[in-house]
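Encoded as structure tokens, the structure appears first; notes follow it.
The values are calculated or read from the model by the stated rules, or taken from the named source; none is laboratory data. Just so you know, these numbers come straight off a predicted model, no measurement behind them. Cβ sites come from the backbone with ideal geometry, for glycine too, and all protein chains shown count toward neighbours.
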Amino acid sequence: MLMTCVRQVNLLRGDINLATRIEGVSILPDFTYTVFMYSSHVNRPARVAPARQREKPPLRATRLLDQLRERIRYFHYALSTERAYVYWVRDFIRWHGVRHPSGMGAAEIEAYLTYLATGRGVSASTHNQALSALLFLYRDVLDVELPWLNEIGRPAQRKRLPVILTRDEVHRLLALLPDDVSLVGWLLFGTGMRLMEGLRLRVKDVDFDHRAIIVREGKGGKDRG
């Protein structure tokens, strides 16, 4: 069984030598051709990449929450993520009577998550954030790799239709913003930036010549425009 790969090749003058190797093809410059490339490998098994293990240096801190902060900063997580993870881990420990997480497991995590959903009525996104914080604690701080970590289910988020405002409603809404935040509000609406991206925006990040705004160190530590 032959495997076929289709590739679009722009046969400019620099590509003519490549194209002339294909038999039975009349070469015309400045045209785009569809080239079929065949391979005789039959039923080649796919390579399964092993699970990526994140390399972590030894922790220097002695207290658990300080170790959590140290590991989060090593992976260059956002400050908001660090604060959220520390909050959920601290709340998890206090809810279980100040027990150390190394002495607890899946039953304690599931009980805490059930309490968040039923006792405090948190949303699905908040529920997932708390679970992510606890999984990070066990995997990357306590170095616990147990099967039950993957068996803990995440709540499914409900899909809802977005609320679309009319142009008149948008103008009326933005007109009510105070003067000190009005410009930021208009920028967030017009560019689609996140809140912290708009608040961290600098004058040199606004390129008037190209009508572009450069976002530095956005989500995931990536720049975008």
| Of the conditions (1) surrounded by 13 or more Cβ atoms within 10 Å (Cβ to Cβ); (2) at pLDDT 90 or above; (3) closer than 30 Å to Leu188 by Cα, Phe92 fails just one. Which one is it? | (3)
| query | Just checking, how many residues over segment 47-68 are at pLDDT below 55 and not in a loop (DSSP other than H, G, I, E, B)? | reply | 0
| field | Residue that is surrounded by the most Cβ atoms within 10 Å (Cβ to Cβ) [pool: residues in segment 173-198 that are within 20 Å of Ser80 (Cα to Cα) and free of Cβ contacts under 8 Å to residues at least 12 places away in the same chain] | value | Leu188
| Restricting the search to segment 71-89, which residues are part of a helix (DSSP H, G or I) and surrounded by 15 or more Cβ atoms within 10 Å (Cβ to Cβ)? | Arg71, Ile72, Thr81, Glu82, Ala84, Tyr85, Val86, Trp88, Val89
| field | Matching residues in segment 185-210 - criterion: being within 20 Å of Ala78 (Cα to Cα) and more than 23 Å from the chain's Cα centre (by Cα) | value | Arg202
| How many of the residues making up segment 105-129 are loosely packed, with under 14 Cβ neighbours inside 10 Å and assigned to a loop (DSSP other than H, G, I, E, B)? | 3
| request: Please specify each residue of segment 172-202 satisfying the condition of being part of a helix (DSSP H, G or I) and modelled with pLDDT under 85. | output: Gly190, Thr191, Leu195, Met196, Glu197, Gly198, Leu199
